[in-house]
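Chemist: The structure is given below, and queries will be raised subsequently.
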Amino acid sequence: MLLQKGYTYYRWIMNKGLFITFEGGEGSGKSTVIQQVKQQLLDKQLDVFITREPGGSGIGEEIRQTLLKHENTNMDPLTESYLFAAARRQHLMECIVPKLAADVVVLCDRYVDSSIVYQGYARGIGVEQVAAINKVVIEDYVPQLTFFIDVSPEVALARIQTGRDQNRLDVETAAFHQKVYEGYMLLAAQTPRIKRIEGDQPVEQVVADIMKYINEYLHG
Ligand code: TMP
């Protein structure tokens with residue numbers, strides 16, 4: 001069992017705004033998809049705010065530099081978990097909560113599920129331990145919807161090798177990326193909030209699949 005009791009503690013108490021997160025391995029195409037989802041929500045006259053983890057705030061971006069810097073090869077896995085959690089807390093309090101309170105739709109590229117999968121599962125710290133660290137950090141701020149963009153690690157890695165500068169986590173072994181993928185598949189299968197979206201299709205179709213869930217949520 002990937003997740004045990006950690007996640008079931010979380011309760012949803014926010015009654016304003018809409019908090020949507022996007023997950024997936026490197027090269028899954030999240031950024032493009034998020035931009036297009038934003039446009040569709042703007043067309044519905046909704047206020048939309050896009051942000052990303054780790055980062056999103058001055059302090060969060062500073063922690064991001066430390067986390068993703070190539071030279072930091074000696075970073076202890078638990079240190080890594082706490083740094084992601086610290087960045088998350090700052091970003092949540094500084095950027096996300098005020099937007100939700102103002103009734104804005106927040107689209108966030110990665111959130112707590114990234115830590116569960118990357119640190120808890122792929123790094124092997126343990127899903128329970130990472131969930132416990134993050135329970136304190138996120139309190140009840142659980143997204144209403146999370147989209148896991150499912151692109152096989154082989155396809156995704158080929159994309160990042162040609163497409164952009166690589167960071168410390170991008171250059172992990174293929175086995176690590178495979179484990180990340182496996183972690184997402186397991187987590188998505190046992191978490192109703194997480195919708196698995198077929199990522200190996202034209203971006204317009206990926207966005208249409210996502211909008212179907214968002215529309216269902218908005219219109220009951
Ligand atoms: P990205 O902005 O390109 O997605 O890079 C962020 C990297 O950090 C990516 O490899 C995933 C990783 N990550 C974690 O390992 N744990 C986390 O909690 C988060 C938010 C990201």
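A quick yes/no check of all residues on (1) of a type in the set (Phe, Trp, Tyr); (2) crowded, with 16+ Cβ neighbours inside 10 Å:
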{"site": "Val117", "(1), (2)": "no, yes"}
{"site": "Val137", "(1), (2)": "no, yes"}
{"site": "Tyr141", "(1), (2)": "yes, yes"}
{"site": "Ala156", "(1), (2)": "no, yes"}
{"site": "Thr173", "(1), (2)": "no, no"}
{"site": "Gly183", "(1), (2)": "no, yes"}
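Chemist: Looking at this structure, is Leu187 within 15 Å of the ligand (Cβ to nearest atom), in a helix (DSSP H, G or I), surrounded by 15 or more Cβ atoms within 10 Å (Cβ to Cβ) and modelled with pLDDT under 95?
Modeler: When the stated conditions are applied, Leu187 does not pass them.
Chemist: Somewhere in segment 131-138, is a residue at pLDDT 95 or above, farther than 20 Å from Pro192 by Cβ and away from the ligand (no atom under 11 Å from the Cβ)?
Modeler: Yes, because at least one residue in segment 131-138 is at pLDDT 95 or above, farther than 20 Å from Pro192 by Cβ and away from the ligand (no atom under 11 Å from the Cβ).
Chemist: If we keep just the residues of segment 111-130 that are β-branched (Val, Ile, Thr) and farther than 24 Å from Leu41 by Cα, which is farthest from the ligand (Cβ to nearest atom)?
Modeler: Among residues in segment 111-130 that are β-branched (Val, Ile, Thr) and farther than 24 Å from Leu41 by Cα, the one farthest from the ligand (Cβ to nearest atom) is Val127.
Chemist: Which residue pairs have Cβ atoms closer than 9 Å, lie 6 or more positions apart in sequence or on different chains, and pair a first residue in segment 167-179 that is of a type in the set (Phe, Trp, Tyr) with a second residue that is in a helix (DSSP H, G or I) and near the ligand (Cβ under 10 Å from one of its atoms)?
Modeler: These pairs meet every condition: Phe176/Tyr118; Phe176/Ala122.
Chemist: Could you please find all residues in segment 62-110 being within 14 Å of the ligand (Cβ to nearest atom), open to solvent by 30 Å² or more (accessible area, probe 1.4 Å) and closer than 17 Å to Val142 by Cβ?
Modeler: Matches in segment 62-110: Arg89, Arg110.
The values are calculated or read from the model by the stated rules, or taken from the named source; none is laboratory data. In this text, all values refer to a predicted model and were calculated from it rather than measured experimentally. Cβ sites come from the backbone with ideal geometry, for glycine too, and all protein chains shown count toward neighbours. Accessible surface is based on the protein model in full, side chains and every heavy atom, while ligands, DNA and RNA are left aside. Shrake-Rupley method; radii C 1.70, N 1.55, O 1.52, S 1.80 Å.
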